[in-house]
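The values are calculated or read from the model by the stated rules, or taken from the named source; none is laboratory data. The structure displayed is predicted, hence computed values, not measured ones. Surface areas here come from the heavy atoms of the whole protein model, side chains and all, with no ligands, DNA or RNA. Shrake-Rupley method; radii C 1.70, N 1.55, O 1.52, S 1.80 Å.
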Amino acid sequence: MRSQTDQQLRKILTDVLGLKPGQADQFDADTGLFGHLPELDSMAVAGLLTEMEDRLDIIIEDDEVDGELLETYGALLTFAEAKRGDA
């Protein structure tokens with residue numbers, strides 16, 4: 001069963017990146033994001049992070065954003081859960 005954060009993060013990715021319905025449901029921890037999804041380019045990163053802050057009620061500091069954060073779905077989910085205190 002997926003956590004609430006997991007479900008919300010999949011919805012955020014779908015909405016912000018304009019993914020096909022259900023596409024994000026197929027993501028697992030090793031699914032590549034930045035550099036693997038054409039929809040997630042450098043311009044989309046800011047929008048994604050802003051939506052994560054708004055919908056997950058978290059604050060993402062500039063120094064927390066690096067290449068590893070957006071490398072895989074698992075890394076992004078682990079980060080989001082830690083920020084929300086779910087981990």
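Round to the nearest 10 and report in Å² the accessible area of residue 42, as given by a 1.4 Å probe over the protein chains' heavy atoms.
Counting only protein heavy atoms, the figure is 90 Å².
Using a 1.4 angstrom probe, figure out how much accessible area the chain has per residue, in square angstrom, rounded to the nearest whole.
Ligands and nucleic acids excluded, the result is 59 Å² per residue.
Mind jotting down the three principal axis lengths of the chain based on Cα atoms? Whole angstrom, largest first.
Sorted from largest, the Cα extents of the chain read 31, 29, 22 Å.
For the chain, what does the relative contact order come out to in percent, with C-alpha contacts under 8 Å and a separation of six or more?
Here the relative contact order equals 35 percent.
Of all the accessible heavy-atom surface of the chain, with the other protein chains kept in place and a 1.4 Å probe, what percent is carbon and sulfur? Show your work: numbers first, answer last.
Values: 2480 of 5160 Å².
It is 48 percent, rounded to a whole number.
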